[in-house]
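Encoded as C-alpha cells, the structure appears first; notes follow it.
Taken together, the values in this text are just the output of simple stated rules run on the coordinates, not laboratory data. What you are looking at is a predicted structure, and each value in this text was computed from that prediction instead of being measured. Backbone-built Cβ (ideal geometry, glycine too); neighbour counts: all protein chains shown.
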Amino acid sequence: MSTQKIVEFTNVFVTSDRGETIFHDFGFTLTAGRSVVISGPAGSGKTTLVELLLGLRFPDSGSVELFGQCLWPRKRRLLKRIRRRIGGVGGVYDLVPSLTVAENVMVPLVLASVKKRARSERLVKMLTEFNLLKQAALYPHRLTRVEYTLAQFARASIADQPLMIIDEPAAGLDPATYKRIFEYLVRMSVSGRSVIILTSQAGSDVLPQCDYLQIKDGLLS
Amino acid sequence: MRLLWHTIRELFRNLRRHPGTALSSFMSLALLFLLFDLFWIAAGTSEGFYARLLSELEMELFLKPDLADSAATTLHDTLGSIDGVRTVTFISAEQARERLADLVGTDLLYGFESANPLPASYLLTFEERSLTSGGVAAIETEVSQLEAVERVVYGRRWLSKAEKTRDVILSLGMILGGLILLTALIGSANNIRLMTKVRAVGFRQMQILGAGRLFLAAPFLMEGFLIGGLSGAAGWVALFYARSKVTFAQFELVLPPSIEIAIFIAAVAIIGLVSGYLGIRKMMQ
C-alpha cells in the first residue's frame, strides 16, 4: 500500500464567526488507498472539515495540504485543480438542478476536457454500474432519494477522483435503502481510492480497510 | 474548444429555460436603443437643417456713397481674397432699389422716382469652416477696416442664438444618450443577475467540482453580448423599415453612415458584455 499522503491537516485552528472554537490544534493524515470514517455529533465540525478540504474556508492557523499541496485562498488555479480530484456525495455536494442525471454525472469529465467519445463510454459504464440508465435523461428533482445519492456516487467516481468525501451517507434513509447505499460504500472503501466518510453516528456495519475516528471538542480521537 | 461548446450550449440552454427573462431583456434594450437611435437621427437631421440655414448666411457691406466705380472693382478682388469668404456679389444702387421695390412694392417708393438714396453694397457668403459667430466676426472686423466700407450688416444675433441653441441641444442629447446607455447597462446587468440567482445552486456546485471562473461566466457574458448586439441592431432595422415606408415633404431624415451604425451595434454588444460581467461578478466572488 502506498504511503503517499492525500490529506494532511497540521496544527489547524478554526474559530467560528461567533467566536467558538471548532478545531483546536487539529491534526489528521490520510494516505492513498485508505478510508476513514469520522463521526461526531452535529456541530462538531464535520461540515467545516469538508469546507477546509475543498478550500471553501481556510484555517485561522495551521495548514491543510491535499495531494502534497498547501491550500491558500489566493491560489484559485490550485483550488480548481484540487477540487477536480475530489468526488463528493452529500453535504455541500448537490446535483446541478438545471442538468440531467447524465449531464451531472459527466461534469467532472467535461471539466477535465475528456473527449466526447471517451466521455460517452465512461458515462454508460457509470450509469450501468449505479443502475441509473433509465434515469439518465431525468432532472434531479424527479429522482428518488436513493437515485439522487447514486447519481452523486456516479459523478464522484466517473473521473477516478483519487479522493472521495461522503457526508452523512445514512441521513434520512430507511434501513433497506441504507443497505443499498452501504454496498456502494464497501465498494468505494476497497476501490483503492481514499475515502472520507463523515457521519453523526458510526453504525454497527464495519467497512473494510477503514479507520474509525471521532471528532470531539475540536480534536480527533 | 471545450469552453466554446460549453458556452454555446449553456447560452442556448439559458435562453430556452428562461425565455421570458431573455425576451424582456431584449425588448427593453431594443426600445432603449431605438430611443437612442431616434435622438441620433434627430440630431443628424437638425444638424443638416442648421448647416443649410448657416450656408444661407450673408453679410452686406454698404459702401460709401462717393466711391468711384474703379475703387469698387478693386474692392471686389480684395474681398474675394479674404480667408473664409466664398462668394462676393456687387449690388449697385440701382439694383438695390430694384430689390427694395421687389420687397416692399413700388407704392412705398412714390416720390423717389428720380432720387435714389440707397448705397451700393457687396454681399458676401462664407466658406463652411468660417460659419461660426467667431469666424464671421473676424471677417466683419477685417472688412470694417476697409476705407470704402461704411457699414457692415449681418444676422449677428441670430447666429449667436442659433449657435447657443445648437450647443444646448447637443449637450442635452449627449446627457440623454448617456442616460439611455447607462439604463441599458444597469437593466441588462440586473436581468443577468436574476438569471444567475436562479441558478445559484448550480453555480456553487460547479465551483465545488472545480469549474473555473471563465467556464462559469462565459455563457452569461456571451448572452449579454448577444442580447446587446441584437437589440442594438433591432432598433436600426425598425428605423430603416419605417424610413422606407414614410417620407417627409418638408425635410429629409439624415441617417448616420453604415459604418457608424456598425460601430454603434458593436459598442452596444460590448455594453451587453460588460453588463453580463457586472451581473455575474458577485456570484464569482
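Side notes on the structure shown:
Listed here are the residues, each with its yes/no results for (1) in contact (Cβ under 8 Å) with a residue 40 or more places away in the chain; (2) of a type outside the set (Lys, Arg); (3) touching a Cys at 6+ places or on another chain (Cβ under 9 Å); (4) farther than 30 Å from B:THR74 by Cβ.
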{"site": "B:GLY105", "(1), (2), (3), (4)": "no, yes, no, yes"}
{"site": "B:ALA120", "(1), (2), (3), (4)": "yes, yes, no, no"}
{"site": "B:GLY134", "(1), (2), (3), (4)": "no, yes, no, no"}
{"site": "B:TYR154", "(1), (2), (3), (4)": "yes, yes, no, no"}
{"site": "B:SER160", "(1), (2), (3), (4)": "no, yes, no, yes"}
{"site": "B:LYS164", "(1), (2), (3), (4)": "no, no, no, yes"}
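- Some residue of the stretch A:63-73 being within 13 Å of another protein chain (Cβ to nearest Cβ), of a type in the set (A, V, I, L, M) and crowded, with 18+ Cβ neighbours inside 10 Å: yes
- Which listed residue, of B:SER144, B:SER133, B:SER160, B:SER114, is among the hydroxyl-bearing types (Ser, Thr, Tyr) and touching a strand residue (DSSP E or B) at 6+ places or on another chain (Cβ under 8 Å): B:SER144
- Residue that is nearest to the chain's Cα centre (by Cα) [pool: residues in the stretch B:208-235 that are without any contact (Cβ under 8 Å) to a residue 60 or more places away in the chain and more than 8 Å from chain A (Cβ to nearest Cβ)]: B:ALA233
- Against the conditions (1) more than 11 Å from chain B (Cβ to nearest Cβ); (2) in contact with a strand residue (DSSP E or B) (Cβ under 9 Å, 6 or more places away or on another chain), A:TYR93 satisfies every one except (1).
- Meeting the requirement of 3 or more residues that are within 14 Å of another protein chain (Cβ to nearest Cβ), in contact (Cβ under 8 Å) with a residue 24 or more places away in the chain and touching an Asp or Glu at 6+ places or on another chain (Cβ under 6 Å), no helices (runs of 4 or more DSSP H) wholly within the stretch A:111-221 can be named.
- Scanning the stretch A:88-121 for residues that are buried (at least 18 other Cβ atoms within 10 Å of the Cβ), within 11 Å of A:ARG155 (Cα to Cα) and of a type outside the set (A, V, I, L, M) returns A:GLY88, A:TYR93, A:GLU103, A:ASN104, A:PRO108.
- Scanning the stretch A:36-62 for residues being touching a helix residue (DSSP H, G or I) at 6+ places or on another chain (Cβ under 8 Å) and in a strand (DSSP E or B) gives a total of 1.
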